[in-house]
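Below: the structure, in structure tokens.
The values are calculated or read from the model by the stated rules, or taken from the named source; none is laboratory data. All values derive from a computational prediction rather than experimental measurement. Using ideal geometry, Cβ is built from the backbone for each residue, glycine included, and neighbour counts are taken over all protein chains shown. For accessibility, only protein heavy atoms count, side chains too; no ligands or nucleic acids. Shrake-Rupley method; radii C 1.70, N 1.55, O 1.52, S 1.80 Å.
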Amino acid sequence: MKKILITGGAGFIGSHVVRLFVNKYPGYHIYNLDALTYAGNLENLKDIEAKPNYTFIKGDITDEAFINSLFAETNFDGVIHLAAESHVDRSIHSPLDFVRTNVLGTVILLNAAKNSWKGNYDGKIFYHVSTDEVYGTLGDEGFFTEETAYDPHSPYSASKAASDHFVMAYYDTYGLPVKMSNCSNNYGSHHFPEKLIPLMINNIKNNKPLPVYGKGENVRDWLYVEDHARAIDVIFHKGKIGESYNVGGFNEWKNIDLVHLLCRIMDKKLGRAEGESAKLITYVTDRPGHDLRYAIDATKLNKELGWQPSLQFEEGLEKTVDWYLANEEWVKHVTSGDYQHYYESMYERR
Ligand code: NAD
Ligand code: TYD
């Protein structure tokens with residue numbers, strides 16, 4: 001049985017990857033390592049937690065002694081590394097948390113894999129999941145390709161860029177068998193409601209102001225989270241060692257247009273008059289260093305590995321809205337306590 005370590009598997013994307021791998025590969029044992037920060041929630045994995053090929057391990061990737069002993073105890077065949085601090089606004093307030101987890105934590109994992117595999121790399125894979133935000137920002141035209149130079153602007157993207165460089169440095173220096181992908185913005189179920197789409201869904205439902213940063217002109221390229229999980233599966237199994245793959249939806253939206261679309265969908269679902277939810281839109285102070293536009297060219301992944309997005313955006317958004325409306329308890333649990341303080345401190349000043 002192959003032993004695969006997935007880090008950050010209790011988070012948004014990680015839980016979809018864990019679910020896909022546990023269900024699709026009964027011949028793999030999936031070890032989900034997660035510190036269960038505010039963003040990690042075992043409720044995300046209730047449907048698979050009793051499966052015989054699944055084990056949850058609570059632990060912090062920055063705890064070097066613990067990580068080394070975990071790798072010494074279990075000779076993992078593969079690592080899929082998703083654990084990270086992932087929210088740009090939090091990175092602006094607490095950059096050191098991002099350096100610690102995203103940079104230090106990644107290097108501790110790389111080192112543990114190198115030391116435990118001892119140069120015997122046959123069949124081993126260290127797969128690092130990264131973001132398109134490392135490329136910086138685009139003007140009105142063009143796309144990020146795998147050759148685009150890194151130019152991160154937020155502490156979050158700078159920490160992910162640093163971790164990507166360490167991953168490639170371990171390949172170049174020690175021959176560690178690494179793979180990497182840089183994906184655009186994800187959306188779907190189990191997304192923590194501090195990010196744009198779930199935050200707007202939650203606020204529309206509760207008749208709270210919809211805080212649009214600046215003029216709402218910034219553009220993001222949205223991909224359904226299950227399509228990202230499928231891309232990770234394909235790259236993990238078929239991607240070339242030492243290479244990175246861009247993953248994206250060819251689906252660009254200005255924030256303000258996306259918020260209007262969500263308002264229209266929710267007006268229908270909640271039986272409100274058309275235009276009612278849009279009255280909640282409130283323009284607030286812009287995010288410092290706010291990247292204008294992200295857009296991914298995913299041609300390499302499509303041409304070489306045959307991957308493509310499966311869902312149209314409106315269909316994916318409707319599914320997402322339906323999930324949030326049917327899972328109010330989940331939202332209540334993850335937004336109680338600490339998140340409430342975060343929300344107040346982040347938005348009261350804007
Ligand atoms: P998330 O914030 O929802 O989940 C992160 C998970 O990592 C949580 O379960 C958290 O408990 C865990 N974690 C955090 N610090 C840890 C630590 N020190 N040790 C162990 N576990 C820790 O994030 P996400 O949106 O699911 O993103 C997952 C990965 O994908 C990240 O590496 C992120 O950079 C990348 N990514 C995200 C997006 C996106 O749109 N969300 C897009 C591209 C790439
Ligand atoms: P976010 O979901 O935080 O993802 P990222 O910054 O990693 O792309 O934000 C997506 C876009 O939405 C980004 O341009 C910032 C904007 N935004 C708002 O306008 N209001 C909000 O309350 C949030 C959280 C984001």
Take the alpha carbon gyration tensor of the range 255-349, find the square roots of its eigenvalues, order them as a ≥ b ≥ c, and report rounded if a/c is under 1.5; if not, report prolate when a/b exceeds b/c, else oblate.
prolate
Add +1 for every Lys or Arg and -1 for every Asp or Glu among the other residues with Cβ under 11 Å from the Cβ of Gly239, and state the total.
+1
Can you list residues whose amide H is under 5 Å from Leu210's amide H, if they're 5+ apart or on another chain and H is modeled 1.01 Å from N?
Ile281, Thr282
Restraint check, Lys124/Lys254; Lys58/Lys179; Lys51/Lys254; Lys24/Lys58; Lys3/Lys240; Lys160/Lys254, Cα-Cα greater than 31 Å
Lys124/Lys254; Lys51/Lys254
What is the dipole size for the chain, taken about its Cα centre, with +1 at each Lys and Arg Cβ and -1 at each Asp and Glu Cβ, in debye to the nearest 20?
560 debye
Using only helices, what value at 222 nm comes out for the chain when you add -39,500 (n - 2.57) per DSSP H run of length 4 or more and divide by the total residues, to the nearest 500 deg cm²/dmol?
-12500 deg cm²/dmol
Can you tell me which of Ser91, Ser130, Ser69 moves the most in a GNM of the chain? Springs connect C-alpha atoms under 10 Å apart.
Ser69
Per residue, how much accessible area does the range 89-149 have with a 1.4 Å probe, in Å²?
43 Å²
Hey, got the dipole for the range 175-254? About the Cα centre, +1 on K and R Cβ, -1 on D and E Cβ, debye to the nearest 20?
140 debye
If you take every residue apart from Arg220 with its C-beta less than 14 Å away from the C-beta of Arg220, what net charge results, scoring Lys and Arg +1 and Asp and Glu -1?
-3
Which order do Arg220, Arg287, Arg230, Arg264 take when ranked by solvent-accessible area (1.4 Å probe, heavy atoms of all protein chains), largest first?
Arg264, Arg230, Arg287, Arg220
Rounded, prolate or oblate: which fits the range 173-212, taking a ≥ b ≥ c as square roots of the Cα gyration tensor eigenvalues, rounded meaning a/c under 1.5, else prolate when a/b beats b/c?
prolate
Semi-axis lengths (Å, descending) of the ellipsoid that matches the C-alpha gyration tensor of the chain
33, 22, 20
Could you tell me which of rounded, prolate or oblate describes the range 1-133, using a ≥ b ≥ c as the square roots of the eigenvalues of the alpha-carbon gyration tensor, with rounded for a/c under 1.5 and, failing that, prolate when a/b is larger than b/c and oblate otherwise?
oblate
Got a sec to turn the phi values of the range 6-23 into Karplus ³J(HN,Hα) couplings, 6.51 cos²θ - 1.76 cosθ + 1.60 with θ = phi - 60°, whole Hz, x for Gly and Pro?
10, 8, x, x, 9, x, 4, 6, x, 5, 5, 5, 4, 4, 4, 5, 4, 6
Tell me the carbon and sulfur percent of the accessible area for the range 1-74, rounded to whole percent, probe radius 1.4 Å.
55 percent
Rounded FRET efficiency, nearest 0.05, which uses the C-beta distance separating His93 from Glu304 and R0 of 51 Å
0.80
Viscosity 1.567 mPa s, temperature 4 °C: give me the Stokes-Einstein translational D for the range 81-220 in µm²/s, with Rh taken as the Kirkwood radius over C-alpha pairs.
77 µm²/s
